[in-house]
Every structure is written in C-alpha cells, then in structure tokens.
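One structure is given below, encoded as structure tokens.
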Amino acid sequence: MALEAWGRDSADCILVLGTSGTAALPLLRRTSRTRLIVNIDGREWGREKWGNAARRFLRWSEASAVRNAHEVIADNAAIAQEIETRYGRTPHVIAYGADHALDAEPADISDLALPDSYALAIARAEPENNLEMILEAFAPYPDRPLVVVSNWQDTPHGRALKARYGPAPQLFLLDAQHQAGRLRAIRERANVYVHGHSAGGTNPSLVEMMPFGRPIAVFDCAYNRATTENQAATFDDAQSLARLLPDLWQPQTATAMGAALAEMAARRYRWDEVAAAYFDLMGL
C-alpha cells in the first residue's frame, strides 16, 4: 500500500506482526500520529534456513522495528530479555493461547494406522526444529514408536529426512495435518511429546500440547525453559533425549509432569487473556 494512504488521521493504531516487512516504520513514525505496536515474533534472523544477506536484513528490520515502535511485544520472556539487552527496550510479554486445542471434537484417524501409544512431535521440517535429532534418538529402538507430523515435501531438509528415516517401522512420518479434530485425536493418543524448536520464542505447537496433560521433553534453550517454567524435561542432543525417554514413560513421572504442564496452560496460555492484553495496548 502506498505510504500516502497512511495520513495523520487514517488509523489510530497499527499492529504489526513480525519485523520482516517493517521498512516503512521509520517514515511512519516521523510523519504520522498513528501509534505503532510491533510483535517481533521470535528471533527470525537466527533461523538456519536464511543466508548471510537475509540474516543481515532481518537483523536490521528487527532493530528498526524495535526502535521505531511505540510499543514492542515479545511472545516469550527470554526473547524480551534479549530485546532489552540489545536495544534497551522492555517489551510487553504476550504469548499465545492453547485452549483451542481441546475445542474440536476428535476426528477419526484410523486411516493413519498409528500404534495405540507413541511419542509425538509436530514441527515444520526446518533445521532449527531439530527433527533429525529427534529421529536419531528413536531410530535405534524398535520398541519406541514415534509419530512426527511435518511438511516433509516442502523443503529439501524434510525430503532428505523422510527418505532416510521413513523406512523404519517404528517411525511414523505423517504429512502436515491441518484439520483441528484430527490434530486433537493425534495428540490425545500420544504418551509423550517431544519439542525440538530452538530458534523461536513461545512456539504454538508446544503450548497447544500442554493442555493434554502429557510429559514433554524440550530442546534445552532459554525460550523453551521460559515457556514451560522449567517443568519439562530437557535434551540437547540425540543421546540425551534417548536417555530421558524411559523415565517419561513411567506412570508416576508422566502423571506429575503432565498435570503441572496442563495447569500451566490453563493459567498462562488462554486466548481470552491474550486478546485482552492486545486490546489494552491498542486502547480498545
């Protein structure tokens, strides 16, 4: 949209989600009375899929957005701390809701031919989500079924992983599932959830699993520890993940950790509170 469309009285507030398209913010800040609110949406420049030029642009975009916004939002306390350290701004921390994950009626997933119980991971097939690490941890153990839901065919990385690990009978590499009822049914049958994301802030796929009351293992980084209040098990390579899995299948561990994470989801990751926080910032 042409910048001329943003006159002094065209909008009281603009909410920008992400920083990669914020090149116009410095001009808007200087020429408009519009209040600018930016959700920086994680550390986009840290993703391995970007080359050096793209990373430099994304870091510049982040810096420009943070410096020119009237209010800055981070979806994770660890991201907020990074922003405060790097730019001297203190963001508002507003995460995501998780209660919608239980709203849909479970759908029939008999066509997937899954085992009765399994570990589960849901992630895009990007290197920073560490699907290779997760698959490597499960591949040597035929008695540990793992279901991974991903967009395997959309990236070279995903296609390579599916070709390498797809033949293993205990590894069920499902294509992305977008129907809410099917996702609920897949999550409900899981005994353990494994989360490998390393470059984002609060990942929706993690908080969406927490209401189901299952034990969760997360890649050991500040973002995941903040999201789970250090209540999840942590791993940093395939070997450490393989070592902690047997304990997560124990009923006492599973019940205690699952209950703590479900309580956390009900307390912290509710859409009504997320919406209220945004409306307060926008003065609505």
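A few points about this structure:
- Here the chain is assigned +1 on the Cβ of each Lys and Arg and -1 on the Cβ of each Asp and Glu. Its dipole about the Cα centre then comes out at about 880 debye.
- Under 5 Å from the amide H of ARG270 lie the amide H atoms of ALA98, each residue being 5 or more positions distant or on a separate chain, with H modelled from the backbone and absent for Pro and chain starts.
- Between the amide H of VAL16 and those of ILE37, VAL38, ASN39, distances stay under 5 Å, these residues lying 5 or more places away or on another chain, with hydrogens modeled in the peptide plane.
- Estimated dipole of segment 49-183 in Debye, rounded to 20 [Cβ of Lys and Arg +1, of Asp and Glu -1, Cα centre]: 820 debye
- Estimated vicinal HN-Hα couplings, Hz - segment 66-72 in sequence order (Karplus 6.51, -1.76, 1.60; Gly, Pro = x): 5, 6, 9, 6, 6, 9, 10
- Tensor-based shape of segment 99-268 (alpha-carbon gyration tensor, a/c under 1.5 rounded, otherwise prolate or oblate): rounded
- For the chain, average projected area of the Cα convex hull in nm²: 16.1 nm²
- Rounded to the nearest 500, the helix-only mean residue ellipticity at 222 nm of the chain stands at -12000 deg cm²/dmol, with each DSSP H run of n ≥ 4 adding -39,500 (n - 2.57).
- Here the contact order of the chain, divided by its residue count and restricted to Cα pairs under 8 Å and six or more residues apart, works out to 18 percent.
Just so you know, all these numbers are worked out from the coordinates, no wet-lab data involved. It should be emphasised that the depicted structure is a prediction, and the values quoted were computed from it without experimental measurement. In this analysis, Cβ positions are derived from the backbone assuming ideal geometry, glycine residues included, and neighbour counts consider all displayed protein chains.
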